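The values are calculated or read from the model by the stated rules, or taken from the named source; none is laboratory data. Just so you know, these numbers come straight off a predicted model, no measurement behind them. Neighbour counts are summed over all protein chains in view; Cβ atoms, including those assigned to glycine, are modelled from backbone coordinates with ideal geometry. To get the accessible areas, we keep the full protein, side chains included, count just its heavy atoms, and leave off ligands, DNA and RNA. Shrake-Rupley method; radii C 1.70, N 1.55, O 1.52, S 1.80 Å.
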Amino acid sequence: MGKVLIAVLVVTITMIVVLQFIDPNSLINAATSITTTQTLDGNSISVSINGEITRSGTYILELNTTLNDLIQVASGVTTNADPLAYDTSYLLSDGLSFYIPPKYDNTDVCSMEPIKKVNINVDAADKLQEVSGIGSAAASAIVTYRNEVGQFKRIEDLKLVNGIGNATFEKIKNYVVLRSS
């Protein structure tokens, strides 16, 4: 009986020591894998999120969920997320992808100034051109799009504007917002 007790004690101490070295995020990632490998049915959608989010990835969610629901499932946004660049009430649909832009430049850890951004829903074409990657043609196309289709509901909708593809979106995505403060 004494040898069994010692063996249990040794195993317990060993597990405590081993668990101190396990990264808690690896356990979170394992849980995410389980979530993202669920199968879609008629009552669920698959939506991706990345950027200033705690756990980037693709998630299976119920129909009629919002961006806020997705953010909660992904363990929330980081403290550097720019709340002016996304709308938490946005109703999700299957296959969408969301990018949560930073408020401060991630490459400049000493920066105390927010990134200078333009509002794609209200700024005039000349103001939009202040962003590197938005030339006069793209700025005019953005204004025309919002006048004809309506306000942008998510920054990814910029890719629906004539002349703005994935490469341009990648270049400008950190420099645009949906609303002013």
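Structural remarks
- Residue list for region 130-153, filter: touching a helix residue (DSSP H, G or I) at 6+ places or on another chain (Cβ under 8 Å) and closer than 17 Å to PRO101 by Cβ: VAL131, SER132, GLY133, ILE134, ILE142, PHE152
- The number of residues in region 34-48 being in contact with a helix residue (DSSP H, G or I) (Cβ under 8 Å, 6 or more places away or on another chain) and modelled with pLDDT of 55 or more comes to 1.
- Residue check for THR58: open to solvent by less than 60 Å² (accessible area, probe 1.4 Å) and modelled with pLDDT of 95 or more: yes
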